[in-house]
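Worksheet: one structure, shown below.
Each value in this text was obtained by applying a stated rule to the coordinates, not by laboratory testing. Fair warning: this is a prediction, and the values are worked out from it, not measured in the lab. No Cβ is skipped: glycine too gets one built from the backbone with ideal geometry, and neighbour counts run over all protein chains shown.
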Amino acid sequence: MRVLCFTLLATVCLHFSPVMAQETATAPPQSVKPGINKSFLDPDLDVDQWIKRFEVESREVFRARDQIVKQLKLKPGDRIADVGTGTGLFVEPFSLAVGEKGWVFALDIVPKFVERVGKISDILDLKNVTPVLCGQDDVRLPPGSIDAAFICDVYHHFEYPSRSMASLHKAIVPGGQLILIDFERIPGKSREWTLGHVRAGKETFRKEVEDAGFEFVEEVKIPAFEENYFLRFKRK
């Protein structure tokens, strides 16, 4: 099992002016929904509990997983990032879709989820999967390292969406695709859980992705979806 955690190396200059220091200083990022990931960052997180919540027929994306993978239109040799892989629901089908010449980067901010994906990969002998412990505002992938990014029921958990999307934009090759699946949030129609948990609706999320340098391509209709939507974007 290989787990990647990319770090930045800082160059320390011994002689610089106060003006330079002021210019290079950056304000700390502001969370768009503080605490949204608190339960996932619990060091005592019970992975089995989340498997029971994520990998169950009552969850739309679990029920529709074959339709979703088909609509991604992955080709042998493609490199895809499963952003917020969670318990690794899509790791095996992605691995099979991209073939031995392709690659799957399974990203998550939760060490125990990353560890689980590594174990799954070993057990199933998925030689083209790399679990990645990413940051809350940085996917930690090298520039131009992926052809596609898959964000499924995860974007509303981005605390720093502009920074996370900027790092994804760098990681995806020009013309590469980004898939966004999330919950419809419509006051008066959506469940109370959705209204309280998901910070914004489809149009807001679409605009944020477009503002990050992606071109909207289409909304794909998934027959099994009642609460979710599937948007496809292209990296400019």
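The table below lists the values:
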item: Stokes-Einstein D (µm²/s) once Rh is taken as the Kirkwood radius of the chain over alpha-carbon pairs, at 4 °C in 1.567 mPa s; result: 69 µm²/s
item: Karplus (6.51, -1.76, 1.60) ³J(HN,Hα), θ = phi - 60°, over segment 83-88, in Hz, Gly and Pro reported as x; result: 7, x, 4, x, 7, x
item: Order of Ile181, Ile186, Ile222 - criterion: other Cβ atoms within 10 Å of each residue's Cβ, fewest first; result: Ile186, Ile222, Ile181
item: Net +/- balance of residues flanking Glu215 in space, Cβ distance below 13 Å, scoring K and R +1, D and E -1; result: +3
item: Overall form of segment 146-218 per C-alpha gyration tensor (a/c, 1.5; a/b vs b/c); result: prolate
item: GNM result for the chain, Cα springs below 10 Å: residue of Asp44, Asp211, Asp138 fluctuating most strongly; result: Asp44
item: For the chain, with +1 on Lys and Arg beta carbons and -1 on Asp and Glu, the positive-most of Phe158, Leu96, Gly188 along the dipole; result: Leu96
item: Local electrostatic count at Ile146 - Lys and Arg +1, Asp and Glu -1, tallied over other residues with Cβ under 13 Å; result: +1
item: Prolate/oblate/rounded call for segment 64-138, Cα gyration tensor, a/c under 1.5 rounded; result: prolate
item: For segment 128-170 and segment 61-122, distance of Cα centres in Å; result: 13 Å
item: Cα gyration tensor shape for segment 127-183, rounded if a/c is under 1.5, else prolate or oblate; result: rounded
